[in-house]
Amino acid sequence: RKLNGIGFAWQCRARNDKTGTDTYVSWENRFKQLVAFKEEHGHCKVPQSSGPLGNWVSNRRAEYRKNLLGEKTSLSEDRVRKLNGIGFTWQCSGRSVEAVRSSEAAWEDRFEQLVAYKEEHGHCRVPQGSGPLGNWVNNRRVEYRKN
């Protein structure tokens, strides 16, 4: 992966001081939360603004779009079957393949900014609050942890 090629630090998350465990929730636990959401609301269209479950659902859709474009992702056929089994809605935003390709170009632009940042600072630990590049770097780490 391109980020690995420039020495990107994936492990910048905090650990629980009492248990020493990571603070994120496993795929299976998020899936169970989605099942409970569907039982309560009758659908799987969790708003992204609703918090961690909404972000997780949005990321599953993004992984599915990558699969459609022939890119390697961590969304296995088994997980797709599980999500299909509960009536998961894969396309809520109406994003087309062309829109996905446009976002890929934006990804490449941000990656080039990260390369320049590393050249200047000697590392890839861009502070999250430092603007668009910091947000982009944080989002890459979040995606990595969820997969």
Using R₀ = 35 Å, calculate the FRET efficiency as 1/(1 + (r/R₀)^6) where r is the Cβ-Cβ separation of N138 and E39; round to 0.05. 0.65
So, with points 7 Å from each Cα along the Cβ direction, the E71-I86 label distance in nm works out to 2.5
Y64, Y144, reordered so the largest accessible area comes first (probe 1.4 Å): Y144, Y64
Members of K66/K118; K118/K146; K2/K146; K45/K72; K32/K72; K2/K32 lying beyond 30 Å, as alpha-carbon distances in this model show: K2/K32
What lysines does K38 reach when the alpha-carbon gap must be under 19 Å and sequence neighbours fewer than 8 apart in one chain are set aside? K82
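The values are calculated or read from the model by the stated rules, or taken from the named source; none is laboratory data. On a predicted model such as this, the values are computed, not experimentally measured, just so you know. For neighbour counting, all protein chains shown are included, and Cβ atoms are generated from backbone atoms with ideal geometry for every residue, glycine included. Protein only, heavy atoms only, side chains kept; ligands, DNA and RNA dropped before computing areas. Shrake-Rupley method; radii C 1.70, N 1.55, O 1.52, S 1.80 Å.
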